[in-house]
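The values are calculated or read from the model by the stated rules, or taken from the named source; none is laboratory data. These figures come from a predicted structure and were not determined experimentally. The accessibility values were calculated without ligands, DNA or RNA, using every heavy atom of the protein model including side chains. Shrake-Rupley method; radii C 1.70, N 1.55, O 1.52, S 1.80 Å.
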Amino acid sequence: INDDVINNVKWHRSSDGSEISFHEIINVINSHKDHTLHVGTDSHNSRMFSKRFVFSTTICLYLPGKGGFYFFYKNTSKIKYKSLADRLTEEVNRSIATANKIRDIIQNREITIHADVNKDAKFKSGKYSPMLKSWVESLGYEYVQKPDSWASTGVADRHAK
């Protein structure tokens with residue numbers, strides 16, 4: 001995902017669904033320095049296109065003990081994902097791209113990447129967890145997986161359906 005995708009997609013506020021620019025989101029992040037910053041992506045089968053998926057990416061700001069708010073965008077992929085590995089890799093790729101764009105503008109801010117991946121290898125997604133964890137951490141982000149990855153498994157999931 002390149003800069004055009006992040007800048008030209010329609011981001012929305014969690015509060016009322018209204019549109020907000022990526023630049024405005026950066027201003028909000030800067031004005032909430034006490035909030036932790038989390039990015040997550042989830043996807044679901046498109047009801048309209050076979051083997052295509054609706055992806056939703058979220059930028060969540062959370063103040064422990066007080067709650068939080070988030071921004072999101074969603075789009076239907078033009079690519080037909082045939083394997084779980086490809087789809088999970090794309091979810092994490094979208095989260096990393098979004099986190100990288102934030103980090104390009106705001107330095108010295110911790111960002112946590114949430115992956116819709118199970119840490120237990122007995123689940124289908126579990127066998128991909130070590131690879132995705134290494135990738136995310138090699139880029140300097142904290143990695144969170146199920147059952148703690150609420151930015152992807154809860155927030156993004158809601159908008160990908």
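A probe of 1.4 angstrom, applied to the heavy atoms of all protein chains, finds E24 with accessible area near 80 square angstrom.
In terms of the Cα gyration tensor, with a ≥ b ≥ c the square roots of its eigenvalues, is region 79-135 rounded because a/c is under 1.5, prolate because a/b exceeds b/c, or oblate? Because a/c hits 1.5 or more and a/b fails to exceed b/c, region 79-135 counts as oblate. Membrane-span-like helices in the chain, defined here as complete DSSP H runs extending at least 27 Å along the helix axis by their C-alpha atoms with mean Kyte-Doolittle hydropathy no lower than -0.5, are 84-105; this is a sequence and geometry rule, not a statement about a membrane.
Hey, any idea what % of region 23-161's accessible area is carbon plus sulfur with a 1.4 Å probe? Accessible surface attributable to carbon and sulfur in region 23-161 totals 51 percent. How high is the relative contact order of region 10-108? Use alpha-carbon pairs under 8 Å, at least six apart in sequence, and give a whole percent. Relative contact order of region 10-108: 28 percent.
Accessible surface of V28, taken over heavy atoms with a 1.4 Å probe and every protein chain present, rounds to 40 Å². Remark: the chain carries 53 Å² of accessible area per residue (probe radius 1.4 Å; ligands, DNA and RNA excluded).
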